[in-house]
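Trainee: The structure's right below; bear with me while I get my questions together.
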Amino acid sequence: MTVQSAPTPPTKELSQMSVTNNTTTTTSSQSQQEEQQQQQQQPKGTAKRDALLTNEKKIQTLWKECKAFESDANNSSSISSTTTTDDKKNKFIVTFPFPYSNGHLHIGHAFSLTKAVFRAQFERHLGKNVLFPFAFHCTGMPIQAAANKLKTEIEQYGCPPSFPEEDPKIRAQMEADLQQQQQSTTTTTPQSKAKGTKSKLVSKTGTGIVRQWNILSKMVPKDEIPSFIDPIHWLHYFPPIGVSHLLNFGAGVDWRRSFITTSVNPYYDAFIRWQFAVLREKNKILFGKRNNVYSIVDGQVCADHDRSEGEGVGPQEYVLIKLKVLTPDHGQTRHAKMEALLTKYATNADTNGGVYLVPATLRPETMYGQTNCFVLPDGEYGAFRIDATGEIFIMSPRSARGLSCQLYDDANNVYYTKEFGKIEQLESFTGHELLGLPLSAPN
């Protein structure tokens, strides 16, 4: 027997073995990467979160059982039975601006509230008797305006409503119209660094096509939405939800001292009445009238943030120029209604003051030397009785409605019309029926 060297494999076989080993190594590396990716894609365990939530509920239950946030006078553990003047230093009160209760609280409320919660808890740890009351703001027009809007939507589009913008073509046209209107407003309104030109709805939605029904459907069961046409229902629905959310938030509020505003709460209403009565007795406030944006439908002043739309709009003073209408002598048939009006009321004791076209101007100093009065040929105008002067004004219905809310004699509290907000229309005209009338300009 002889020892022989092992036969050398062919070059081709060595090459194949090398490739096979490399492939095995590469396949193993890829499978590890895929396994790591799968592990990363799988949701992480929620054990830590669940433990925190469990502990949170446990501690909140303990707070409730111990009445940890209920505060009474001289109730601090650091105050002895015999109180002194220094005891007042051991009291601390925290307040938070009443959130408006026309919907759920949002993250902005939570962010702002943390400052009050942290400070109250810090003072408690110092041994102070901390009082943290809470309330929900329900006063003003937003709730009333939203209730009115919902009622109108149901009356016009049914219950549940079927809105026209549900048709894509109609929606596209409505959005285009709103965008054009917004651009027109931006063009005609002077720019201000302090005031944006977009309304809240346009800023939030991008279109401004917002329905009250759709807003409520995100917060309220749809079968309960019709109940919100009553503004009082809002007051009973959203504040309790707010309390529940704040309890979950761990706000540390003494909920025995929680309330809502408006006259629905007789205690708060009495408090506000008392404030105004005292201030008036001290001549700090006066009772009177001033120019305001006013809602005839709701019967009250609409402050800037009380409106569902039209923020930033204020009272605008105009001067009415009385142009007396003379008897037409052109023989034009389109003046028949005006001739009849002049004949009928010329001898009437209540309206013998004359008939006037009353264009409005912001520049009354430019009216000297006027030669013409312009009207819209297709515009709608009317003849309205002015009770305070016995005159008849030819103007648009919108202008007449505004004039019916104006004082004629401030000293004697006399309005232009007998009944505030209402004006009698005696005749209607188109602008075409007014063209060519002879007028007498004031001296």
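Trainee: Name the long-range amide H neighbours of Leu439: under 5 Å, sequence gap of 5 or more, or other chain; modelled H, no Pro or chain starts.
Mentor: Leu326
Trainee: So, one more: Can you send over the carbon and sulfur percentage of the accessible area for the range 87-187, probe radius 1.4 Å, protein chains only?
Mentor: 59 percent
Trainee: Among Gly310, Asn291, Tyr356, whose Cα sits farthest toward the positive end of the charge dipole of the range 283-370 (+1 at Cβ of Lys/Arg, -1 at Cβ of Asp/Glu, about the Cα centre)?
Mentor: Projecting each Cα onto the dipole axis, the largest value belongs to Tyr356.
Trainee: Keeping the other protein chains in place, figure out the carbon and sulfur percent of the accessible area of the range 299-438, with a 1.4 Å probe. Kindly include the intermediate steps, with their values, before the conclusion.
Mentor: On the way: 4150 of 8550 Å².
About 49 percent, which is the carbon plus sulfur part of the accessible surface.
Trainee: Lys and Arg at +1, Asp and Glu at -1: add these up for the other residues within a Cβ distance under 15 Å of Gly431 and post the number.
Mentor: -1
Trainee: If I stretch the segment between Ala47 and Tyr267 completely, what's the gain in nm (0.36 nm per residue apart, minus their alpha carbon distance), one decimal?
Mentor: Using 0.36 nm per residue and subtracting the Cα-Cα distance, I get 74.5 nm.
Trainee: About its Cα centre, what dipole magnitude does the range 365-421 give when the only charges are +1 on Lys and Arg Cβ and -1 on Asp and Glu Cβ, stated in debye to the nearest 20? Present the calculation step by step, with values, prior to reporting the outcome.
Mentor: On the way: 4 positive and 8 negative charges, 28 e Å.
With only Lys, Arg, Asp and Glu charged at Cβ, the dipole is about 140 debye.
Trainee: Give, as a single signed number, the net charge of other residues whose beta carbon lies under 11 Å from the beta carbon of Cys405, with Lys and Arg counted +1 and Asp and Glu -1.
Mentor: Charge balance near Cys405 sits at +2.
Trainee: Please list Tyr318, Tyr356, Tyr267 from largest to smallest accessible area, probe radius 1.4 Å, with all protein chains kept in place.
Mentor: Tyr267, Tyr318, Tyr356
Trainee: While we're here: Between Leu435 and Asn214, what FRET efficiency follows from the Cβ-Cβ distance if R0 is 56 Å, with the result rounded to 0.05?
Mentor: Given R0 = 56 Å and the Cβ-Cβ separation, E is 0.75.
Trainee: Measuring from label point to label point, each 7 Å out along Cα→Cβ, what is the Gln406 to Gln121 span in nm?
Mentor: Inter-label distance under the simple model: 5.9 nm.
Trainee: So what are the ³J(HN,Hα) numbers for the range 380-386, from phi and the Karplus equation (6.51, -1.76, 1.60; θ = phi - 60°), rounded to whole Hz, Gly and Pro as x?
Mentor: 9, 10, x, 9, 10, 7, 9
Trainee: Place a +1 charge on the Cβ of each Lys and Arg in the range 305-434 and a -1 charge on the Cβ of each Asp and Glu, then give the dipole magnitude about the Cα centre in debye, rounded to the nearest 20.
Mentor: Magnitude of the dipole: close to 260 debye.
Trainee: Here is a follow-up. Test of the criteria: in the range 268-335, which trypsin sites (Lys or Arg not before Pro) are in a DSSP loop and have at most 10 other Cβ atoms within 10 angstrom of their Cβ?
Mentor: Taking the range 268-335 and a limit of 10 other Cβ atoms within 10 Å, the loop trypsin sites (Lys or Arg not before Pro) found are Lys282, Lys284, Lys289, Arg290.
Trainee: Something else about it: Tally Lys/Arg at +1 and Asp/Glu at -1 over every other residue whose Cβ is under 12 Å from the Cβ of His236; what's the total?
Mentor: Summing Lys and Arg as +1 and Asp and Glu as -1 gives -2.
Trainee: I've got another one for you. Under a 5 Å amide H to amide H cut-off, with H placed in plane at 1.01 Å, what residues pair with Asn129 once short-range neighbours are removed?
Mentor: Lys91, Phe92
Trainee: So which of Lys58/Lys222; Lys91/Lys115; Lys67/Lys222; Lys128/Lys284 end up more than 27 Å apart, counting from Cα to Cα? All intermediate terms of the calculation are to be shown ahead of the outcome.
Mentor: On the way: Lys58/Lys222 34 Å; Lys91/Lys115 18 Å; Lys67/Lys222 37 Å; Lys128/Lys284 36 Å.
Checking Cα-Cα distances, Lys58/Lys222; Lys67/Lys222; Lys128/Lys284 exceed 27 Å.
The values are calculated or read from the model by the stated rules, or taken from the named source; none is laboratory data. Everything numeric in this text was worked out from a predicted model, so none of it was measured. Heads up, the Cβs are rebuilt from the backbone with ideal geometry, glycines too, and the neighbour counts pull from every protein chain shown. Ligands, DNA and RNA are stripped out before the accessible areas are found, and what is left, the full protein with its side chains, is counted by its heavy atoms. Shrake-Rupley method; radii C 1.70, N 1.55, O 1.52, S 1.80 Å.
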